[in-house]
Structures are given as C-alpha cells and as structure tokens.
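K.L.:
So that we are looking at the same thing, I have put the structure below in structure tokens.
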Amino acid sequence: MQLVSKVVHQLLSTTKENYIQIPTGGTPLKLVRVTAPRAPLSELSVRKRKCHVHKLQKTRTILSGSSEDADLMLEDELRALSTEKKEQLLHDAGITVNIPPMHP
C-alpha cells in the first residue's frame with residue numbers, strides 16, 4: 001500500500017492538473033489531491049483563504065465535469081443551507097441584499 005501511495009503522490013505532484021485519471025474499462029476513476037489544512041481557516045490570511053477557495057472551485061469542477069456544472073453544484077449547495085444560515089453568511093461576508101417590497 002505504501003508503494004501505491006508513493007506512486008500516486010508522484011503522479012499528482014508531476015501533473016499540471018489537480019488529479020490523475022485512471023482507466024477502469026468503464027467510467028474512468030479520478031484521483032484528486034486534497035491536502036489537509038495545517039491551521040484552521042479562521043486563522044489564515046486573506047491570501048491563503050483565497051487559495052483555498054480556488055482549490056475548492058477546481059475540485060468542484062473536477063467532481064461535476066465542467067465549470068458550468070460546477071456552478072450548478074454550488075447553487076445546489078447554497079439551496080441546501082437554511083435561510084438563517086444564508087442570511088448569517090451574507091452578513092458575515094459584509095454583503096447586503098435589499099429586496100424591494102412587492103406592489104399588489
């Protein structure tokens with residue numbers, strides 16, 4: 001198992017992509033590199049947090065198959081959150097959304 005780990009690590013470190021694709025006879029298997037954080041996100045600089053966001057976007061694209069489908073996946077993730085959680089996230093991000101009242 002350690003040999004397989006070394007081979008996969010070597011392949012992932014030498015490719016431009018964030019994954020390697022292995023043929024299986026059916027749907028190819030993609031191995032994606034996901035690194036463990038060394039510190040909690042709340043302790044990272046804004047620059048490092050942006051790097052994490054970029055990596056997450058790339059991973060979402062790999063999982064969904066395309067950048068358009070990655071956007072759909074993100075929409076589904078947001079829909080899965082409660083209204084209260086969405087409001088809290090927007091507030092914490094400093095984003096204000098004004099919805100005008102509806103006229104009868």
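K.L.:
Among the listed pairs LYS48/LYS86; LYS6/LYS86; LYS30/LYS85; LYS16/LYS50; LYS30/LYS50; LYS16/LYS86, give every one whose C-alpha distance is greater than 30 Å.
P.N.:
Numbers: LYS48/LYS86 23 Å; LYS6/LYS86 41 Å; LYS30/LYS85 32 Å; LYS16/LYS50 20 Å; LYS30/LYS50 25 Å; LYS16/LYS86 35 Å.
As for pairs spanning more than 30 Å Cα to Cα, those are LYS6/LYS86; LYS30/LYS85; LYS16/LYS86.
K.L.:
Related question: Please give the net charge around GLN10, taking every other residue with its beta carbon less than 15 angstrom from that of GLN10, where Lys and Arg add +1 and Asp and Glu add -1.
P.N.:
Working: positive: LYS6, LYS16, ARG33; negative: GLU17.
Taking every other residue near GLN10 into account, the sum is +2.
K.L.:
Whenever you get a sec, compute what percent of the accessible area on the chain sits on carbon and sulfur atoms (1.4 Å probe). Let's see the in-between values first.
P.N.:
Details: 5510 of 9340 Å².
Reported share for carbon and sulfur atoms: 59 percent.
K.L.:
In whole Hz and in residue order, list the ³J(HN,Hα) couplings for region 60-71 that follow from phi through the Karplus curve 6.51 cos²θ - 1.76 cosθ + 1.60, θ = phi - 60°; x for Gly and Pro.
P.N.:
4, 5, 5, 5, 8, x, 7, 5, 5, 5, 5, 5
K.L.:
Rank by packing, highest mean first: peptides 90-103, 49-62, 30-43, with packing defined as the count of other Cβ atoms within 10 Å averaged across residues.
P.N.:
Top to bottom by mean Cβ count within 10 Å: 49-62, 30-43, 90-103.
K.L.:
Among residues other than LEU90 whose Cβ falls under 15 Å from its Cβ, what is the net charge (Lys/Arg +1, Asp/Glu -1)? Don't skip to the answer; put the middle values down first.
P.N.:
Working: positive: ARG79, LYS85, LYS86; negative: GLU77, GLU84, GLU87, ASP92.
Value of the local net charge: -1.
K.L.:
On to the next question. Looking at (i) 1.16; (ii) 1.10; (iii) 0.96, which value of Rg/Rh (Cα atoms, Kirkwood Rh) comes from a calculation on the structure shown?
P.N.:
Structure-derived value, by its label: (ii).
K.L.:
Counting only C-alpha contacts under 8 Å and six or more residues apart, can you give the relative contact order of the chain as a whole percent?
P.N.:
Values: 39 pairs, mean separation 11.9, N = 104.
For the chain, the relative contact order is 11 percent.
K.L.:
What's the FRET efficiency of HIS103 with ALA80 using the Cβ-Cβ distance as r and R₀ = 41 Å, to the nearest 0.05?
P.N.:
On the way: r = 32 Å, r/R0 = 0.78.
It comes to 0.80.
The values are calculated or read from the model by the stated rules, or taken from the named source; none is laboratory data. Because the structure is a prediction, the values reported are computed rather than measured. Every residue, glycine among them, receives a Cβ derived from its backbone with ideal geometry; neighbour counts consider all protein chains shown. These accessible areas exclude ligands, DNA and RNA; they are computed on the full protein's heavy atoms, side chains included. Shrake-Rupley method; radii C 1.70, N 1.55, O 1.52, S 1.80 Å.
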